[in-house]
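To start, the structure itself, in structure tokens.
Rule-based calculations on the coordinates, nothing more; no lab input. Given the structure is predicted, the values throughout are model-derived calculations rather than measurements. Counting neighbours? That spans all protein chains shown, and the Cβs are built from the backbone with ideal geometry, glycine included.
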Amino acid sequence: MRFAALRRVAGAVASWAKRCLRRQAAAANLENEAFYSSLVATMQQVVFQIDREGRFTFLNPAWTKIMGYPVEETLGREHPLTCTRTTAPGIGP
């Protein structure tokens, strides 16, 4: 009987410890995300992401400063250096 009670207590403590660790990890992830978002937003170099079709899916504010085009108007457009079969027939495998 005593052993069963100790197992229940140990299980409760382990469960509590796991919840605490998950909360700490989630808080650390939010902190890291905020740091890197701030870093990318304030960089003087352009940071971008394109999808498989070569369209912009992300641009930081440096895009507008350097290129002169608004980010909102550029998202979804093809990157000028990408070439797909639909934009350049005869090029590719």
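Odds and ends about this structure:
- Projecting the Cα atoms of TYR36, ALA26, ALA5 onto the charge dipole of the stretch 1-42, computed from C-beta unit charges around the Cα centre, puts ALA5 farthest toward the positive end.
- Put a dot 7 Å past the Cα of ASN29, heading toward its Cβ, do the same for ARG2, and the two dots end up 4.3 nm apart.
- Computed from the C-beta positions of HIS79 and CYS20 and an R0 of 35 Å, the FRET efficiency is 0.20 to the nearest 0.05.
- Scaled to the globular estimate 2.2 N^0.38 Å, the Cα spread of the stretch 1-42, given as radius of gyration, is 2.01.
- Using the Cβ of LEU39 as centre and a radius below 14 Å, the other residues enclosed give a net charge of -2, where K and R count +1 and D and E count -1.
- Mean Cβ count within 10 Å, highest first, over the residues of peptides 48-60, 21-33, 66-78: 48-60, 66-78, 21-33
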